[in-house]
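The values are calculated or read from the model by the stated rules, or taken from the named source; none is laboratory data. Bear in mind the structure is a predicted one, so any value in this text is a computation, not a measurement. Heads up, the Cβs are rebuilt from the backbone with ideal geometry, glycines too, and the neighbour counts pull from every protein chain shown. All accessible areas refer to the heavy atoms of the entire protein, side chains included, with ligands and DNA or RNA removed. Shrake-Rupley method; radii C 1.70, N 1.55, O 1.52, S 1.80 Å.
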Amino acid sequence: NVGASTNFPKGGRSLADRTGTGVVVVIGLGRFGKSLALELMKSDTEVLGIDSDSDTIQSVSGRLTHAVVADSTKEEALRQLSVHECDRAVVGIGTNLEASILTASVLVQLGVPNIWAKAISNAHARILTQLGVHHVVRPEHDMGLRVAHLVRGRMLDYIEFEDGFAMVKTNPPGYMIGKTLRETGVRRQYDVTVVAIKRAGQGFMYATPETVVSAGDTIIVSGRTSDTERFSELS
C-alpha cells in the first residue's frame, strides 16, 4: 500500500523513535495541506507528509521531515508508516470526498488522539464530525467570514472563538485619545475590554485601567462578537 517514498528513513525503528512524539502527520498536500505542513516546519515541528501523488511528494522533497507516497484510505498503509503512534494528524484532502472520509475513518480507527480535517461543505463537515474527527475546519468558508468582518468595520484583524466571543485588532476611536482606559469607560459603554495596546514602533503590552491611549496606537479588544463589531465601527 505504500509506494515510492521520499526522505523517509528505512529500518526497524518506529516513527516515534525516529522523530519523537511531536511529529504531525499531514495527509493530502494540496494548497491547504502543503501550506500547513510548511508552516509547521517553520516552527520546528516534525512533519510526515503523505499524498497519493508522486509528483506532489516530489515537490516537497527536502522541505518536510518525511514525505511519502501512500494510499491513506488503507489502514495497513498508515500502520506501515507508524501513523498510529502519532498524536496529531491533519486530513488536508478536500475535493476527493471519498478519500477524505475514508482517511478520517482510518485515523479514528487507529486511535489518533487529535485529528483535524478540512471540509468543503456543511454536509462534508457533518460527516467528518459524525465519524469522530475532533476538529473540522472549512478554510475558504472561515476566511470568507473573517474578511467580511474586516470589510464591514475599521478592524485591522479579527478572530472569532466559540459562543460568539471575538478579539479585534483596531485603531482607537477619537474619543479615547488622551484618556486613560478607566476614563474612557469603554467597558461600561460598549461591553468590550481593551486587553492590549501597541505604541508606534513598539510591541504590544498588556493594558491596565491607567494606560493612556494615544493617537497612532493600535489596540486589541475582546468581547461578544456583536459588541466588538459595534466598537470597531466608531470613528
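Side notes on the structure shown:
- Test set (1) open to solvent by less than 70 Å² (accessible area, probe 1.4 Å); (2) in contact (Cβ under 8 Å) with a residue 12 or more places away in the chain - Phe204 fails condition number: (1)
- The residues of the range 175-198 that are part of a helix (DSSP H, G or I) and either surrounded by 21 or more Cβ atoms within 10 Å (Cβ to Cβ) or more than 34 Å from the chain's Cα centre (by Cα) (or both), listed by number, are Tyr175, Met176, Leu181, Arg182, Glu183, Thr184, Val186.
- Within the range 80-96, being closer than 15 Å to Asp51 by Cα and surrounded by fewer than 18 Cβ atoms within 10 Å (Cβ to Cβ) holds for Gln80, Thr95, Asn96.
- Thr56 farther than 12 Å from Val133 by Cβ and not in a helix (DSSP H, G or I): no
- Of the listed requirements (1) in a strand (DSSP E or B); (2) out of contact with any helix residue (DSSP H, G or I) (no Cβ under 9 Å at 6 or more places or on another chain), Ala99 misses just one: (1).
- Of all residues making up the range 100-135, the number that are open to solvent by less than 50 Å² (accessible area, probe 1.4 Å) and under 13 Å from the mean Cα position of the chain (by Cα): 3
- Residues (assigned to a helix (DSSP H, G or I) and at pLDDT 80 or above) located in the range 149-174: Gly164, Gly174
- Which numbered condition Glu140 misses (of (1) of a type in the set (D, E, K, R); (2) over 28 Å from Val83 (Cα atoms); (3) at pLDDT below 90): (2)
- Taking the range 154-174 as the range and being within 10 Å of Ser232 (Cβ to Cβ) and open to solvent by 70 Å² or more (accessible area, probe 1.4 Å) as the test, the residues that pass are Arg154, Leu156, Lys169.
- Restricting attention to the range 116-130 and to residues that are farther than 16 Å from Asn96 by Cβ and part of a helix (DSSP H, G or I), the residue that is modelled with the lowest pLDDT turns out to be Asn122.
- Identity of the residue in the range 210-235, assigned to a loop (DSSP other than H, G, I, E, B) and open to solvent by 70 Å² or more (accessible area, probe 1.4 Å), that ends up farthest from Arg146 (Cα to Cα): Glu210
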